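All of the numbers you see were taken from the coordinates with simple rules; none came from a lab. These numbers come from a predicted model, not from an experiment. Cβ placement follows ideal geometry from the backbone for every residue including glycine, while neighbour counts extend to all protein chains displayed.
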Amino acid sequence: MAIGSGLGAQIGIAAESAYGVFTASTKFIEFTKESLQLKKTTATSAGIAANRLLPLSSRRVVTQRQASGSLEMEVTNKGMGVLLQTLMGTSVTPVQQAATTAYLQTHLLADVAGKSLVIQKGVPLTSGTVTPKTFLGCKIISAEFSCEVGGMLTASFEIDAKDCDETQTLAVANYPAMSPFHFGQMSLRTGAYASEVARDGIRKVSVKIERGMAVERFYAGQSGLKKEPISNDQVKITGSIEMDYVDTVLDDLHTSDAATSLVWDFTGPIIAAAHAERFTVKLPAIRVDEAPPTVDGFDVVKPTLTFTGLYDGTNQPSIEYMSTDVTL
């Protein structure tokens, strides 16, 4: 029997073999907050009948079903691969590093057709009974990664789903030993691609990736459920950098509107040989939109730069993930 509060909740995920087809959860996420919920569209007959003052309950129908919400968590050194693949689009097989237990996942930006998840959440009643709610056809439509002074690297995923099924059996959760990435492991580099230089004074970084998708593909013959969303807009990558005003390197990029490559890296303990746990966001070309160094009193000047990620014509944005995960 679980604890009858959020302490007894669980989230399990699995990659789908086909959009909206149930697969039992194989990985369990340590999450901090979720808001996944069923959304239904109803219609009630408006037919006039003599002396009937209210619509008949029996004449109300559900015409469409879908689901959506968010999933927030700390980014850990294990178990993130399926989520990253669903966000970025490339089919990834972890690559063993030499003969070690370190495996590198390289998630390049690509179309997300065919990339969807089953997300099953367990919601505890106060009695301790956990009610399963299984979300099918989950597409990640955006994700934001963020880390600030003294904090953890966090991720927030926005989810669009085909349906919510409450008939599936709740999977038994099991959690491997995991550690979160955090500010003490963070570095930020900018400069020429593959020759980026570490920046000083960085206090907080956020990067958001948005996948434009047609999520309202409701057609006749689908029992009120949607077809798999497809890309209908270019990917938007934006971010912000909070820093002390220690030099003018990034400020000058705002002035000139020149492009620079950005590498946002978290390096953890060594797994084996020279291979460390790692989470790295690589944006081969960004342009700084705003970087206003203003004096607001006696304190150190702390500008916040906002930027847009663009395509450099050769190299795709990517997320690299080094862990001991042999499979996603």
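Observations
- Over all other residues within a Cβ to Cβ distance under 12 Å of Lys226, the charged ones net out to +2, with Lys and Arg as +1 and Asp and Glu as -1.
- Amide hydrogen neighbours beyond the local backbone of Val301, cut-off 5 Å, H modeled: Tyr245
- For region 128-175, the convex hull spanned by the alpha carbon atoms encloses 124 Å³ per residue.
- Taking a ≥ b ≥ c as the square roots of the eigenvalues of the Cα gyration tensor, region 266-315 is oblate, since a/c reaches 1.5 or more and a/b is not larger than b/c.
- When the Cα gyration tensor is reduced to axis lengths a ≥ b ≥ c, the ratio a/c is 1.5 or higher for the chain, and with a/b above b/c it is classed as prolate.
- Dividing the Cα radius of gyration of region 170-328 by its Kirkwood radius returns 1.07 for Rg/Rh.
- Computed log₁₀ I(q)/I(0) - Debye formula, equal Cα scatterers, no solvent, region 1-73, q 0.15, 0.24 Å⁻¹: -0.75, -1.18
- In order through region 149-163: 3J(HN,Hα) via Karplus (6.51 cos²θ - 1.76 cosθ + 1.60), integer Hz, x for Gly, Pro: 3, x, x, 8, 6, 10, 9, 10, 10, 8, 10, 10, 10, 6, 6
- For q = 0.09, 0.14, 0.19, 0.23 Å⁻¹, Debye-computed log10 I/I(0) when each Cα of region 83-194 counts as one equal scatterer: -0.38, -0.89, -1.31, -1.33
- Estimated dipole of region 228-328 in Debye, rounded to 20 [Cβ of Lys and Arg +1, of Asp and Glu -1, Cα centre]: 300 debye
- Hypothetical label at Tyr245: residues of region 280-314 whose amide nitrogen lies under 17 Å (7 Å Cα-Cβ projection): 290-306
- The local environment of Gly47, defined by Cβ-Cβ distances under 13 Å, has a net charge of +3 under the rule Lys, Arg +1 and Asp, Glu -1.
- Put simply, the amide H of Gln105, placed in the peptide plane, has neighbours under 5 Å in Val95, Tyr321, Met322, Ser323, leaving out anything fewer than 5 places away on its chain.
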